[in-house]
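To keep things clear, I will list the structure first and then write my remarks on it.
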Amino acid sequence: MGQEALSFMDGYSGYNQIPMAPEYEELTAFRTSNGIYCYKVMPFGLKNAGRNNHLEDLRRIFERLRKNQLKKNTLKCAFGVTSGKFLGFIVRHRGIEIEQAKIDAILKMSRPRNIQELKSLQGNLAYIRRFISNLAGRCQPFSRLMKKRVSFKWDESCKNAFESIKAYLMKPPVLAAPMPGRPLTLYITTQELYVGDLLAQDIDNGKETAPHWEPCP
């Protein structure tokens, strides 16, 4: 992101064919009810890296692929383009956007009538969670319906939450790459039942953007 030319590559067998460097494994740690774990192979997801010498970096990547006998899916690879679709997202010079089809799928949903349909809604929202500010807070009215031995009743608070999410997705944000040398601001909001946070960065004209920042292999 932030570059005039972009290249996209997708592994033929997915990320699970790429081992993590041992010194970076702990950076992928996540917690479950059974303990804390970390990835030994690349976790699935969109990764971005700033590149100052595009052709040289591509050459190094192809050398590593050949050395380790890794394959790429040619149908999902593109080189030197200005934008492209990757893992359900649209990547452009200005940042990462949600693919319109993902948004339309949620906008066209009717209100959930049972717990299975509610889980389907939350699954779709989880996929684009980085693009929805305070998603945990917006979905808080749904939490009661997810509890065991609770009858499914779509009340006014659930209706308002659902419509609020749809309205928000009518104009979703664009996630931009972090700009070196500019300060980052961490916003934290707390409510009775949830805690939310947002990492923002100052840009020109006193505006802020939410940077998309993930570790690279």
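Determine how large the accessible area of Tyr12 is when every protein chain is in place; take a 1.4 Å probe and give Å² rounded to the nearest 10.
Surface accessible to solvent at Tyr12 totals approximately 150 Å².
Taking 7 Å along the Cα-to-C-beta vector as the label spot, tell me the Thr32-Met146 distance in nanometres, rounded to one decimal.
Calculated label separation equals 1.7 nm.
Amide H to amide H under 5 Å from Leu184: which residues, 5+ apart in sequence or cross-chain, H placed 1.01 Å off N in plane?
none
Along the positive direction of the dipole of region 53-131 (beta-carbon charges: Lys, Arg +1; Asp, Glu -1; about the Cα centre), which of Ala101, Phe62, Ile115 reaches farthest?
Ranked along the dipole, the leading option is Phe62.
Straight-line reach from Lys72: which lysines have Cα under 27 Å away, leaving out those fewer than 8 places along the same chain?
The reachable lysines, counting only those whose Cα sits under 27 Å from Lys72, are Lys40, Lys47, Lys85, Lys102.
Using protein chains only and a probe of 1.4 angstrom, how many square angstrom of Glu25 are accessible, to the nearest 10?
The accessible area comes out at roughly 30 Å².
The values are calculated or read from the model by the stated rules, or taken from the named source; none is laboratory data. Since the structure is predicted, the reported quantities are computational estimates derived from the model, not experimental observations. Ideal geometry is used to build each Cβ from the backbone, glycine not excepted, and the neighbour counts take in all protein chains shown. The protein model used for the area step is the full one, side chains on, heavy atoms only, and it has no ligands, DNA or RNA in it. Shrake-Rupley method; radii C 1.70, N 1.55, O 1.52, S 1.80 Å.
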